[in-house]
1. May I ask for the net charge around Ala45, where only other residues with Cβ less than 9 Å from the Cβ of Ala45 are counted and Lys, Arg are +1 while Asp, Glu are -1?
2. So which GluC sites (Glu not before Pro) in segment 21-104 end up in coil per DSSP with only 11 or fewer other C-beta atoms within 10 Å?
3. Give the percent of DSSP beta bridges with both residues in segment 19-109 that are antiparallel, rounded to the nearest 5.
4. With the cut-off at 1.5 for a/c, could you classify segment 81-120 from its C-alpha gyration tensor as rounded, prolate or oblate?
5. Of the candidates Ala134, Ala74, Ala153, which one comes out as most mobile in a Gaussian network treatment of the chain with C-alpha springs shorter than 10 Å?
6. In Å and on Cα atoms, what radius of gyration and Dmax does segment 86-158 show?
7. Given the options Ser117, Ser40, Ser66, state which has the largest fluctuation in a GNM of the chain using a 10 Å cut-off (strictly under) for Cα springs.
8. What do you get for Rg/Rh of segment 2-155 when both radii come from the Cα atoms and Rh is the Kirkwood radius?
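No lab work stands behind these numbers, since they all come straight from the coordinates. Note that this is a predicted model, so its numbers are computed, not measured. Ideal geometry is used to build each Cβ from the backbone, glycine not excepted, and the neighbour counts take in all protein chains shown.
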Amino acid sequence: MQLREVEPGDWGAIAEIDETAWSPESDPGYGVRGVFRPTSDLPSATIVAVTEGRVVGFVECARRTSNPCNRDVARLRCIAVHPEWRRKGVGRALTLAAIDWAWGQSFEKIVLTVMSSNPEAKAMYEACGFFEEARLRGEFVVDGVASDDLFMACLRRLVPARRSAPSPTHAAPEDVSQEGST
Ligand SMILES: CC(C)(COP(=O)(O)OP(=O)(O)OC[C@H]1O[C@@H](n2cnc3c(N)ncnc32)[C@H](O)[C@@H]1OP(=O)(O)O)[C@@H](O)C(=O)NCCC(=O)NCCS
C-alpha cells in the first residue's frame, strides 16, 4: 500500500468511496448531504491510500480554524476506506499519516468527532493515540436510537512524529479571517 498526497486524477475514486463508505451510524447527515467537501480556505492535506493502482481510502486533515488563538489545533475532518478494503490496516495507516502531517506542520493537537454508534472508528482512533476528550450526550437520534457525539483528541507531546510528513495540499494566508469554530 502506498500513501501519498491526493493527485487531480484521484477525485473520482474519492467520490466513489465517499458514496459507499457511510451509514446512519457513522454520518449524522446520512441521506441528507454528501460527507466529504475538501477544505479550500485553510492549510490542509488530503492523503490517499493506493493498493494495486487503486485509491482505496482517503483522509483529510486541516487547520481547525483560522483564528490565531486556535493556530496549534488541526482537525481530522474526514476519513473513509472502501468497504471492500476494510480491516486490512488502511484506516490506521491513513490516520497515522494524518498525524504525521499535522506534526510536520507544527500543530500541537488534532481533534475530531465520531458518533458513539461508530465504535469501529473510535477503536481505530484509539489505536492511533486519540483519546476521548468530551461527549455530547444524545446529540443525534438515528432510527429512534440516541447517539452521542464524541470529541477525540491526539496530542503531539504524547504521540510523537514517526517520520517526515507530506506538505499541505492548500496553503492559506496566515490568520486572515475571524471564522468561528466548526
Ligand atoms: C473507520 C474506518 C476508516 C476503519 O478503516 P479500516 O481500514 O477498516 O481500519 P483498520 O483495518 O486500519 O483497523 C484499525 C483498527 O480499528 C479498529 N477497527 C476497525 N474496524 C473495526 C471493526 N469493524 N470492528 C472492530 N474494530 C475495528 C480495530 O482496532 C483495528 O485494529 P485491528 O485490525 O488491529 O484490530 C472504516 O471502517 C470506514 O471507512 N468507515 C466508514 C467511514 C467512517 O466511519 N469514518 C470515520 C468517521 S468519524
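1. On the way: positive: none; negative: Glu5, Glu60.
After counting each charged neighbour, the total is -2.
2. Details: sites: Glu25, Glu52, Glu60, Glu84; in loops: Glu25, Glu52.
Passing sites in segment 21-104 are Glu52.
3. Numbers: 15 of 16 bridges.
Rounded to the nearest five, the antiparallel share is 95 percent.
4. Working: a/c = 3.81, a/b = 1.49, b/c = 2.55.
Oblate, since a/c reaches 1.5 and b/c is not below a/b.
5. Ala134
6. 13.4, 42
7. Of Ser117, Ser40, Ser66, the most mobile in the Gaussian network model is Ser40.
8. Values: Rg = 15.0 Å, Rh = 15.9 Å.
Ratio value, two decimals: 0.95.
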